[in-house]
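Take a look at the structure set out below.
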Protein chains: 2
Amino acid sequence: MSAFKLTKHVTGYTFGDPVETGIIQGEKTYGHQELPLEVHVEKGYGSISFSLTKHDRVYGLGPNLGGINKRGRQYESYCTDDPLHHEDKTTLYGAHNFFILEDDDVATGFFIDFPSRIRYDVGFTDMDLFTIDIHGEDFTLYIIEGDSLKDIVVNFHAVIGKPYMPPKWGLGFFQSRWGYETEEDIRKVYETFREKDIPLDGIYLDLDYMDDFKDFSLSGDRFPNFRTLVSDLKEDGVRLIPIIDAGVKMEEGYDVYDEGVAGNHFVKDESGKPYVAAVWPGKVHFPDFLQESTRAWFGDKYQFLTDLGIEGVWNDMNEPAIFYDETSLSEGIEAAIEAKGQNLGVMPFFALRDKFMNIGNRDEYYRRFYHEIDGKRYSNEEVHNLYGFQMTVSASEGLRKHLGKRHVLISRASSIGMHRYSGIWTGDNSSWWSHLDLNVKMLPALNMSGFYYVGADTGGFGGNASGELLTRWMQFSIFTPLLRNHSAIGCAFQEPYAFGEKVTAYNRHLIKARYSILPYLYSEMLKSYEDGSMMFTPLSFEYFGEEALQAEDQLLLGEELMIAPVVKSNARGRYVYLPEDMALVSFREDEVRLSAAKAGVTYLSYGMEDLKFFLRRNRMMPYIAPGRSVKDLSMKVIHLVGYLETEAFYTLYDDDGTSYGYEDGMVYKTEFSARRDEDGDIKVSVRNENPNIEKVIFTLMDGDENSITKEVQV
Amino acid sequence: MSAFKLTKHVTGYTFGDPVETGIIQGEKTYGHQELPLEVHVEKGYGSISFSLTKHDRVYGLGPNLGGINKRGRQYESYCTDDPLHHEDKTTLYGAHNFFILEDDDVATGFFIDFPSRIRYDVGFTDMDLFTIDIHGEDFTLYIIEGDSLKDIVVNFHAVIGKPYMPPKWGLGFFQSRWGYETEEDIRKVYETFREKDIPLDGIYLDLDYMDDFKDFSLSGDRFPNFRTLVSDLKEDGVRLIPIIDAGVKMEEGYDVYDEGVAGNHFVKDESGKPYVAAVWPGKVHFPDFLQESTRAWFGDKYQFLTDLGIEGVWNDMNEPAIFYDETSLSEGIEAAIEAKGQNLGVMPFFALRDKFMNIGNRDEYYRRFYHEIDGKRYSNEEVHNLYGFQMTVSASEGLRKHLGKRHVLISRASSIGMHRYSGIWTGDNSSWWSHLDLNVKMLPALNMSGFYYVGADTGGFGGNASGELLTRWMQFSIFTPLLRNHSAIGCAFQEPYAFGEKVTAYNRHLIKARYSILPYLYSEMLKSYEDGSMMFTPLSFEYFGEEALQAEDQLLLGEELMIAPVVKSNARGRYVYLPEDMALVSFREDEVRLSAAKAGVTYLSYGMEDLKFFLRRNRMMPYIAPGRSVKDLSMKVIHLVGYLETEAFYTLYDDDGTSYGYEDGMVYKTEFSARRDEDGDIKVSVRNENPNIEKVIFTLMDGDENSITKEVQV
């Protein structure tokens, strides 16, 4: 074991000879730090365990099931495509090995830099024990210290690098569906949004647009005028965002396949031949994204899309998902042939059935193909969690090179480190109430891992959504930076207008509200970029007391808001815990109303027609008039609503929304302040750098619900 | 359509020529009642729809997913074995077509007497519409009126007949596991319970005890001394409860098979030959339980068990579940043979995979075998929901005949009507927190259907339970009449002692508490038998107001208690809504403590070590000292805890616990009363019929937590 300091707060301990994952950045200063806990390492295996008191909590682990507090479950870091996310699942699409253990008195952050399987048992098998099993002997353990939970996160973010920042239009509303089959379907969706007066910034394109599931191809039949479609819609502020999958169809004459073979870009099997797996296109090869040359080659392929006017992409199936491989399918077929005419007992029958039923994503597939890193061969299993990450690096670099301005990019598989290159959607969820609830719980952990441009498929991907579920989900999702309604082929339609006029009206109201608060969300993202702070924070990161610790379905947003969505069917409201007096904000297009909400537990009536959230004491939040796309939004008039007891400040961050200037600090800051002077008079002021702002309207409530309005010209 | 009155409150409307299901009892008085709603009937199909205002609620539908209020989901009445009960599921093992629609001002009960598929869309597809699709044109619709929700239930129960009543030992604690493979395993479980000082009344035997999955057989290898085992354990108050499946193994020389063939007892396929399906024993025939002669024959087979000292049975796989049938397996095998050597595209691959993956319980299987009723042939699909019901009638009648005293009997498949013959467990649930929550929500609907001897597999059947989940579940389950811990082979052990000493202590405490309150639960069951009232009632059946309507995770038990279990991981408490002032009961073996709990919302700290519930104002609840089995319990000393403002009464029902005397009113009633006279002095009295009671100890709290204790010798 060798120990090193990375920063004042971050110490690394290296065991064996780990793969360089590229996740952690910065200079290492080797020294003689004591390892403050016991790490057991033997051949092929490492383990750590902590005993837990009943008060200990564990936060983090990225996109996983379970609560904000991760205790009481088992988790696995191993990127996996398994679309039925019920309670038995231990892993989803991402592998994020950062967590904070909060002991009775002290909190410590941990990051395990290791690209293969890690299992966490957080007080599940034994309520008082947290065990971590690392499936390898070569890894680096980082210990991150800080003065508070939030500070530990900031200190961790200082060594993993700045997050991906989407263009401003990336915060608009997106519609998606696997099953918009033709150009006409897409135009119809666009037109319906406009006709129904629902804002829209883009339509995601699923597999349907491709020719025979081939990356960087277009279906001539179904999308004959793709370029015109892209430009027509973009003119009205609506962008198309096509999907790209990891597997490249094996087909001679198909340029990507031919170039990949010629350039030696595909992962190899045991014998050194390109590995054959089957995914959507049937048989495919997988590009070896762990090689820089392959990333550069594949990244350049995205030019096919940027040349067509595309400015955003989603990377899918990059765990990589495998439907079957040749060996296993043959085994199944042979077993069936052998069963013919036999009187099968129940166990032989189950064995036969399982050969087909469980043919997808088998563990052994990932031991059947290899990557070469620094001259050493690794099975995919050994470096598994880097695959989707590095596919996304490839896409990011290709898009940046060929577009010359910011792009939207999200990926299904993820690892910490990828946060520098893209956002993530939380994968193929279902139209389940429990997945709305999960969406709330997952957000802080994603922020902890460095991912800010995140969101779930609103309404749920698999299964049928009801108008009620969609509306309740939207009441939450309008706060998430990535806001996308997406559903699977064969499921009921779930566009905001798919459930009749009443539900359409609810959703129109909510999506317009999203555009109203978009400058606030964008500002908070730019702040997080600057200072590494979380955007969505559990109440327990900020407040003391049992009720705050238990508030698993409420979140703080920025320093200003507390959101408490309804996540249950048939509810007309919910109980909300207010750790301090706040203002209840009832947000409607024509009126934003503030009312006093006293500290303690309260039953909040919350209808489908409402948008309600809480504004903290001595805080202000900006909003603007909605528009039909981000392109339409005007920053001329900024409204500030505040709950003012003594004094309140807000600094609005903004920029041009498209360039990489923010990387060099080219951000406009506008400082709003309001204070009550000795006589009780309220004074407001604005210090402005933003060339677009002309007028600011303050509406400030005191604790007794008296509101005053003041205007400032800037 | 012909209309008739059954009672003052129940009117029937018959469409076409329905199958006689035997569910509804009583004399029909035909007349000219107007049908107060529109029923659309065409060839092979009936439908009803109601428009819903946003305040309307729907209750009932028996063992289904969803809330107490059934709005916002789709349901299906079609008994189905599908063990992964996630949110997309629309049907479980039972088919209960009783529901109450509560309109703004008025509530009406409905029962659809129809034994095949019915689909309910309760404001799912359209939030404002409740549609019912009946897959047939021959059915009877009953409309049940009443003065209140509770009254409607009582009026419905008056026409479906009195419920099954287990022996008193049926309310003890039961341990079960699929995978207790041998006599030694069973003895070990029994001994561990005794050693760990955890009460126990029985061990369920899953398939393991059988010889090759054959009904009414014993494995000579694994259970060589079955009779001795049964009697040894019974001597100590612990009974064995073996499983019986619906399918009879095809095996010449096996008496049940041979007799079934000879007696023409098996369901037939299209060609008139016994239908071949495959279940646990491999290929089986299904007895035609819809024939009285078959029920009598199969019922007599239970004598095999009663002769061995058995006094309880569970009927399983009686939807009936089918793993595959010959036709479909051959199709799968042929498809595999055809795929050999082909380069399968992704769609042909999915088609092949699905032939094996979805081979169980296919709709068409139930169209491939037939029943004969009154000389008319029906496919199983047409009368599907009667199958498990009638298997259980067979078991019930056989056991009653051969045992001569009450028996325990539960069934997986169910239909209303079966409530007269047995209880139900809620099927093969999972070790999911959501299934604990579901358990709470489902109970009132089961009572509405007439089922009182009900409970879920505590800790969950499939998947791995944690000690935390088991303990939280037990904090709820100790109130359910059927209390069984059951888990599946391959899953982690989940006996109360499987999680270390701390969790063992929690569970010991809870199970002992169950035995303490058992006289109360038994009394409430006898009362429900007498008057048809529900035992577990939603708050909305009793109290007004939005919070009461929304209280989906709290229940009233009897007229006395309100239970508010913790149903979430990592919780140290929960919010509870108190519609009125109550007493919080903290129940420990050594001390039952009452404290004042004021009306409104309160955060209740509720640890794993606790048992907490609420006692209503001016109510009392009896309890006794725990015992190691029901056999051990003594009624000599009865404790009454009460929250007394002015006056409180409780009538304790009891009987000998084993005979059928209760059917003729042979029940002991003991009336306890407490009142405060003009001077504020408290007077208590007891009027007793119960020969076992000698002393009564009252502990009564007023609203200010002052407690007094009074003893009465009787």
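The values are calculated or read from the model by the stated rules, or taken from the named source; none is laboratory data. Predicted, not measured: the structure shown is a model, and the values here were computed from it. Please note: Cβ atoms are built from the backbone with ideal geometry, for glycine as well, and neighbour counts cover all protein chains shown. For accessibility, only protein heavy atoms count, side chains too; no ligands or nucleic acids. Shrake-Rupley method; radii C 1.70, N 1.55, O 1.52, S 1.80 Å.
Tabulated data for the structure shown
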quantity	calculated
Buried on assembly, the stretch B:552-570 (at least 40 Å² less accessible surface than by itself, 1.4 Å probe)	B:570
Two-site label geometry, residue B:51 and residue A:29: point separation in nm, points 7 Å out along Cα→Cβ	7.5 nm
For the protein assembly as shown, alpha-carbon Rg and Dmax in angstrom	33.1, 102
Tilt relative to chain B, helix B:326-339 - C-alpha long axis, 0 to 90 degrees, to 10	60 degrees
Reachable lysines, given that their alpha-carbon falls under 17 Å from the alpha-carbon of residue B:340 and they are not under 8 places away in the same chain	A:283, A:340, A:355, B:355
Among the listed pairs A:28/A:150; B:150/B:695; B:150/B:234; B:89/B:502; B:89/B:196; A:162/A:249, those beyond 32 Å (Cα-Cα)	B:150/B:695; B:150/B:234; B:89/B:502; B:89/B:196; A:162/A:249
Within 10 Å of each Cβ in A:336-347, the average number of Cβ atoms from other chains	5
Per residue accessible area of chain A, 1.4 Å probe, in Å²	34 Å²
Partners for residue A:598 among lysines (Cα-Cα distance below 16 Å; same-chain residues under 8 apart left out)	A:612
Residue-averaged 222 nm ellipticity for the protein assembly as shown, from DSSP H runs of 4+ at -39500 (n - 2.57), nearest 500	-7500 deg cm²/dmol
Tilt relative to chain A, helix A:387-403 - C-alpha long axis, 0 to 90 degrees, to 10	60 degrees
P(r) of the stretch B:176-295 over all Cα-Cα pairs, binned every 5 Å from zero, in whole percent	2, 11, 18, 19, 14, 11, 11, 7, 4, 2, 1, 0
Using alpha-carbon coordinates, inclination of helix B:292-301 to the longest axis of chain B, degrees	70 degrees
Buried accessible area, chains A and B (both chains, 1.4 Å probe, Å² to nearest 100)	5900 Å²
Extension reserve of the residue A:106-residue A:38 stretch, reckoned as 0.36 nm per residue once the Cα distance is removed	22.7 nm
Span from the the stretch A:391-429 Cα centroid across to the the stretch A:338-377 one, whole angstrom	32 Å
The stretch A:2-160 - convex hull of alpha carbons, volume per residue in Å³	115 Å³
Where only alpha carbons of the stretch B:579-714 are counted, the Rg and the Dmax (Å)	16.2, 46
Relative contact order computed over the stretch A:2-160 (Cα-Cα under 8 Å; 6+ residues apart), in percent	30 percent
Size of charge dipole - chain A - debye, nearest 20, with Cβ of Lys, Arg +1 and Asp, Glu -1, no other charges	1100 debye
Carbon plus sulfur fraction of accessible area for the stretch B:589-706, probe 1.4 Å, in percent	41 percent
Lys/Arg +1, Asp/Glu -1 at C-beta; the protein assembly as shown dipole; positive extreme among A:98, A:75, A:210	A:98
Chain B: radius of gyration over Cα atoms, expressed as a fraction of 2.2 N^0.38 Å	0.96
Mean separation of Cα contacts under 8 Å (6+ apart) over length of chain A, as relative contact order %	12 percent
Contact order relative to length of the stretch B:241-396, as percent, for alpha carbon pairs under 8 angstrom and 6 or more apart	31 percent
Restraint check, B:631/B:669; B:70/B:568; A:568/B:568; A:683/A:710; A:527/A:669; A:512/A:631, Cα-Cα greater than 18 Å	B:631/B:669; B:70/B:568
Drop in accessible area of at least 10 Å² in the complex versus isolated chain, residues of the stretch B:102-128, 1.4 Å probe	B:124, B:125, B:127, B:128
Cross-link reach list, aspartates and glutamates versus residue A:168, counting only Cα pairs under 13 Å and skipping chain neighbours closer than eight places	A:201, A:311, A:524, A:632, A:654, A:655, A:656
